[in-house]
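The values are calculated or read from the model by the stated rules, or taken from the named source; none is laboratory data. Note that this is a predicted model, so its numbers are computed, not measured. Cβ placement follows ideal geometry from the backbone for every residue including glycine, while neighbour counts extend to all protein chains displayed. Note: areas computed on protein heavy atoms with side chains; ligands, DNA, RNA excluded. Shrake-Rupley method; radii C 1.70, N 1.55, O 1.52, S 1.80 Å.
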Amino acid sequence: NALPPLNGSYVATVEDTISWNQDAGVWVDVDEFERCFGDESRWADAVSLYGGDLVPGVYDDWIAPIRDRLRREFDAMLERLLFRARSRRDFTPAITYAERILTNDPWREDVVRQLSSIRYESGDRAGALREIDLFAQRLAGEINVELMPETLALRALMLRGRELPDAAAGQPIDEQTPANVLPFVGREAEMQ
């Protein structure tokens, strides 16, 4: 009902199938997001296009996988942009990307470590320690959990004014990343 009269310019029909006419000359944010996702040089544009989950008020089975895929693409781009900006020591966008990740998933302790490290490397040691301390308070208050040993080790380095390990600045931490990013903490007996 919201479309202009169906004269073939917006909607294409073939037998019993109705689809959007790709030649209609209409700009669709999801299409542009996916084009940007395919071009690494346009990831920042894609991130600015992403306004949240696709049609959050619709719970049909057909849209859930599309919504999830777009969210995963968005999250992956943000994380890569964060690490790229940090490795270039471009602190302002790196902080923005980290904060956006934490807006979407506030329990990402690995991103809290990245954000804290960025603040520390930019000369804001108090801000770096504050990020970790605020996260520790939220963890303790909301889910009664302590910081991970890696986060405690990072905080200890910052308190002493030490240089952070190089590996922490460059690559996303995942299952394939070597474990030498931060000191191995709290497993001395097991290592023996």
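For this structure, a couple of remarks:
- Some residue of the range 77-93 being modelled with pLDDT under 95, open to solvent by less than 60 Å² (accessible area, probe 1.4 Å), of a type in the set (A, V, I, L, M, F, W, C) and more than 28 Å from Glu163 (Cα to Cα): no
- Tallying residues that are in contact with an Asp or Glu (Cβ under 7 Å, 6 or more places away or on another chain) and among the small types (Gly, Ala, Ser) within the range 79-122 yields 1.
- Members of the range 101-139 found to be touching a residue at least 40 places away in the same chain (Cβ under 8 Å) and farther than 21 Å from Arg89 by Cβ, listed by number: Glu109
- Filtered residues of the range 127-139 (kept if touching a Lys or Arg at 6+ places or on another chain (Cβ under 9 Å) and either open to solvent by 70 Å² or more (accessible area, probe 1.4 Å) or outside any helix (DSSP H, G or I) (or both)): Arg130
- Residue count for the range 39-53, restricted to those that are closer than 12 Å to Leu70 by Cα and open to solvent by 40 Å² or more (accessible area, probe 1.4 Å): 3
- Restricted to the range 18-34, and to residues there that are part of a loop (DSSP other than H, G, I, E, B) and among the β-branched types (Val, Ile, Thr), the residue that is least open to solvent (accessible area, probe 1.4 Å) is Val28.
- Glu142 vs. criteria modelled with pLDDT under 90, outside any loop (DSSP other than H, G, I, E, B) and either exposed (fewer than 10 other Cβ atoms within 10 Å of the Cβ) or out of contact with any His (no Cβ under 8 Å at 6 or more places or on another chain) (or both): no
- Only one of the numbered conditions (1) open to solvent by less than 30 Å² (accessible area, probe 1.4 Å); (2) modelled with pLDDT under 95 is violated by Thr103, and that is (1).
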